[in-house]
Amino acid sequence: MTYASERPAAPSGAVATTAVVLALCAGLLNLWGAGTVLSALRGESHIDTSLAVFSILGALLAAIALGYGAVLLLRRDETGRFLLILTSGLLTAVALVALACALVDYQPDYGIDWLPAESHSLEAVNGLFNGLVGSVTALVHREWPAALTAAVLPLAVFLAASSGYTTRWIAYTPPRFRAESPYSQASLEPSDI
């Protein structure tokens, strides 16, 4: 007979829940960034239309993937974990490319009309709160603090979703009450009748 104290403890799910919360925040921030570029595109500023369209579509796709992955992860679906890892990994890679370009002071051969440049601290805040658009802005403006802050949230989602704790939480299936109760087997034996 096994008692409840002999069974291994169930995984807590705290890391998986953290991954879900961070992914939802990152998805909302990508929507915020897409709205920022969309309002600048509608406004009087003259920004590159093709870069604006691609950054808006990328931010919307990232927001959808992060939201859907978060919902699937809450349902203990491995697909949601992989979706979060893939999406946050891509967002982190874009931010790291922007960081590398800023550190080597990469100058493209053509000028890119983009959102107006702001102070270094505001650029860093925008890098954090605009998602993919923040990474693109850091790339165009060659701002390494903005690129660094743009990598923080997707990297946190990536680390939390790819953690072994999250994997164990997804793989764990809670035992049924009847199977774990010491009285369920005893009540079925004919000697007690």
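Each value in this text was obtained by applying a stated rule to the coordinates, not by laboratory testing. Quick caveat, the model's predicted, so the values are computed rather than measured. We place every Cβ from the backbone using ideal geometry, glycine too, and count neighbours over all the protein chains shown.
Note on residue 117 and residue 76: the model spin-label points, each 7 Å out from Cα along the C-beta direction, lie 5.3 nm apart. For the range 27-105, the dipole from Cβ point charges (+1 on Lys and Arg, -1 on Asp and Glu) about the Cα centre works out to 320 debye, to the nearest 20.
Summing Lys and Arg as +1 and Asp and Glu as -1 over all other residues whose Cβ lies under 14 Å from the Cβ of residue 17 gives a net charge of +4.
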